[in-house]
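The values are calculated or read from the model by the stated rules, or taken from the named source; none is laboratory data. Here the structure is a predicted model, which means the values were calculated and not measured. Reconstructed Cβ throughout: ideal geometry from the backbone, glycine too, with neighbour counts over all protein chains shown. Side chains included, ligands, DNA and RNA excluded: accessible areas come from the protein's heavy atoms. Shrake-Rupley method; radii C 1.70, N 1.55, O 1.52, S 1.80 Å.
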Amino acid sequence: MALALASAGPVAAQDTDLELVLLADASGSIDAGEIAFQRSGYAEAITDPEVLETIMQTAYGSIAVTYVEWAANQAVVVPWRVIDGPDSAAAFAAELTSAGRAAFGRNAIGDALLFGKSLIENNALDGWRKVIDFSGDSANSYGGAPVSTARDAVVGAGITINGLPILCRDCRSGQAGYGDLEAQYRDRIIGGVGAFVVTADSRDSFADAVKRKLILEISGQMPVRDVADAPVAAPRAVHFAP
């Protein structure tokens, strides 16, 4: 038996098209209602028929996703799950919307990015592409690793960072947020091959922004210029890294 086990060699990593870390803001500016609102937006998007169709059209017909909330600490809300159809997407969504909050405090964006990098580098998956999807209502960081240092380390490891700035500071009430957040995300946070920013500026556009962002990330077909003619109900604009 020992000889048989030795000859079997190491267990191969599971192949998938995309390893995607969803890094969602859970800092002090995000209350319990906003946490639930954000999670429901991602749950709605991951189960959307257009998103599922995009997944089915990838080379492997699957992607791997984990959902993490970040603040002063980072907390895995849903561990790595392979999404390959409606059932696995629904299971991911149910797990996401039922878990308790575990991240608190002020922003530590650099630490969040490095945590996402670690999750990608230390899983049992082998994705063609590796992406961190970073969302939040601020680009300020008050502790931990410098954002620029962390971003360079992530990009240097071959991982792309995309951004979802949330311009409505309280999307449930429509309260306006930081007007220059798009530019801050583009200049300070995103990076890597095909990196881009999709903006959510209202309650109605949040789920649409997440859906649009997921479709772009899953398909891997990133436009090379700004999109300025998005419909009213969709996210306001898409900005891409040079």
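Entry remark, the range 130-145: residues being surrounded by fewer than 21 Cβ atoms within 10 Å (Cβ to Cβ) and modelled with pLDDT of 95 or more number 0 in total.
In the range 147-158, the count of residues that are in a loop (DSSP other than H, G, I, E, B), within 17 Å of residue 17 (Cα to Cα) and either of a type outside the set (Asp, Glu) or under 17 Å from the mean Cα position of the chain (by Cα) (or both) is one or more. Against the definition (more than 18 Å from the chain's Cα centre (by Cα), more than 11 Å from residue 218 (Cβ to Cβ) and either among the β-branched types (Val, Ile, Thr) or part of a helix (DSSP H, G or I) (or both)), how does residue 33 come out, yes or no? Against the criterion (more than 18 Å from the chain's Cα centre (by Cα), more than 11 Å from residue 218 (Cβ to Cβ) and either among the β-branched types (Val, Ile, Thr) or part of a helix (DSSP H, G or I) (or both)), residue 33 qualifies. Among the residues of the range 192-221, those that are under 19 Å from residue 131 (Cβ atoms), touching a helix residue (DSSP H, G or I) at 6+ places or on another chain (Cβ under 6 Å) and open to solvent by less than 10 Å² (accessible area, probe 1.4 Å) comprise 197, 198, 199, 200, 210, 214, 218. Scanning the range 72-81 for residues that are at pLDDT below 95 and open to solvent by less than 50 Å² (accessible area, probe 1.4 Å) yields 74, 75.
Being touching a Leu at 6+ places or on another chain (Cβ under 8 Å) and within 30 Å of residue 61 (Cα to Cα) narrows it down to one of 89, 150, so name that one.
Just a single option satisfies the conditions, and that option is 89.
Counting the residues of the range 82-113 that are part of a helix (DSSP H, G or I) and either surrounded by fewer than 20 Cβ atoms within 10 Å (Cβ to Cβ) or among the β-branched types (Val, Ile, Thr) (or both) gives 10.
Give the residue, chosen from 238, 227, that is at pLDDT below 90, surrounded by fewer than 17 Cβ atoms within 10 Å (Cβ to Cβ) and among the aliphatic types (A, V, I, L, M). 227 is the lone residue from the list that is at pLDDT below 90, surrounded by fewer than 17 Cβ atoms within 10 Å (Cβ to Cβ) and among the aliphatic types (A, V, I, L, M). Checking the stated criteria, residue 40 turns out not to satisfy the condition of being assigned to a loop (DSSP other than H, G, I, E, B) and in contact (Cβ under 8 Å) with a residue 40 or more places away in the chain. Scanning the range 51-71 for residues that are farther than 22 Å from residue 207 by Cβ and open to solvent by 60 Å² or more (accessible area, probe 1.4 Å) yields 59, 60.
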